[in-house]
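The values are calculated or read from the model by the stated rules, or taken from the named source; none is laboratory data. These numbers come from a predicted model, not from an experiment. Positions of Cβ are generated from backbone atoms using ideal geometry, with glycine treated the same way; all protein chains shown enter the neighbour counts.
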Amino acid sequence: MQLDDRKKKILQAIIRNYLETGEPVGSRTISKYTDLNLSSATIRNEMSDLEEMGLIIQPHTSAGRIPSDMGYRLYVDTMLEDKEREITEMKELMIEKADRMEQVLKQVVKVLAANTNYASIISAPRIHHNKLKFIQLSQVDEHQILAVIVVEGNLVKNKIFQVEEAIDNETLLKLNILLNTSMNGLTLEEINLGMISRMKEQAGIHSQVVSNVLDAIAESISVEDEEMEIYTSGATNILKYPELSGNDRAAQLLGALEEKKPLAGLLGDSQEHENSTGIQVYIGSETPVQNMKDCSVVTATYDLGDGMQGTVGIIGPKRMDYDKVIGTMKTLMAQLDGIYKRRESDDQ
């Protein structure tokens, strides 16, 4: 069924308002609710057309309208088609961006090491403090549901889970509406117990589906278990400094720069403890990496927007040129942000 833009917007406004309030929706409410700038009389005429098409119904005389099953179906099918297209485009775009970002980060650490004569490290950006953007439930078979979850930063996660009772299309439709209406735009911290209880109550015998989706959302939003991608350069620059070039020390430092786990711990720690300038300086024993106790490490967090953050670090002797290193870090933060924003605008 094809609707012109005006009817589509009015139908969407009726459904969204009814989902929020549970009350029949009148023309005056719609005139305030949409940006169509239409009179109540014009909206009443459009609502009459939508009623004739079977998309909305009037529960009793003089009442407003509520969506029919056919109206819900059109609304959800249109929404899912749009979201499926968005998800496909996002996946393709994120793959392209990830490849380009890897190239940029490798170049950044290479230039940083060359300009400072120290070792440099950088972590790929990861999503922090995510907000939920969209949930789509689809039937795989009679006892399996696919949940597609899109979070801030356009990160897409897929999760398949089992259901004991078969779920028909209408019920799946209502669960999609319930989940998206309740949780879109929220962070994990904002999804509280009261909200969960209400959703489970509305889901009835399918409350376990809500629990499974919440688990999948928590897994999607959490970054704790994701492996941090780290790039290094200039490790041999360490050997230029006599206090670090002894056989044992050099071997320990070079080994530390190859071990991803302690480096991930260092970069993660710097994000938690950086000061108001965005720069964190570890001198000697202050560094959390045991084999870097004879070094100084300067780190900074870069932010690409949409919750995407990573950390860059410079490792050198305790007598490093701190003024130059901190200045270089600040310049790098601005340049990295500029590179990413420029690439973003080129994609659009």
Residues (surrounded by 19 or more Cβ atoms within 10 Å (Cβ to Cβ) and touching a residue at least 24 places away in the same chain (Cβ under 8 Å)) located in segment 193-209: Ala203, His206, Val209
Evaluation of Ala119 against (1) under 30 Å from Asn237 (Cβ atoms); (2) at pLDDT below 80 (one fails), failing number: (2)
Any hit, segment 300-311, residues being modelled with pLDDT under 80, in a helix (DSSP H, G or I) and either in contact with a Cys (Cβ under 7 Å, 6 or more places away or on another chain) or assigned by TED's automatic domain parsing to the domain that holds Val109 (or both): no
Pairs, first part of a helix (DSSP H, G or I) in segment 282-293, second β-branched (Val, Ile, Thr), C-beta under 7 Å, six or more apart: Met292/Ile315
Subset of segment 221-235 (residues that are modelled with pLDDT of 65 or more and surrounded by 12 or more Cβ atoms within 10 Å (Cβ to Cβ)): Met228, Glu229, Ile230, Tyr231, Thr232, Ser233, Gly234, Ala235
Subset of segment 43-65 [under 14 Å from Asp4 (Cβ atoms), under 40 Å from the mean Cα position of the chain (by Cα) and either without any contact (Cβ under 8 Å) to a residue 24 or more places away in the chain or part of a loop (DSSP other than H, G, I, E, B) (or both)]: Met53, Leu55
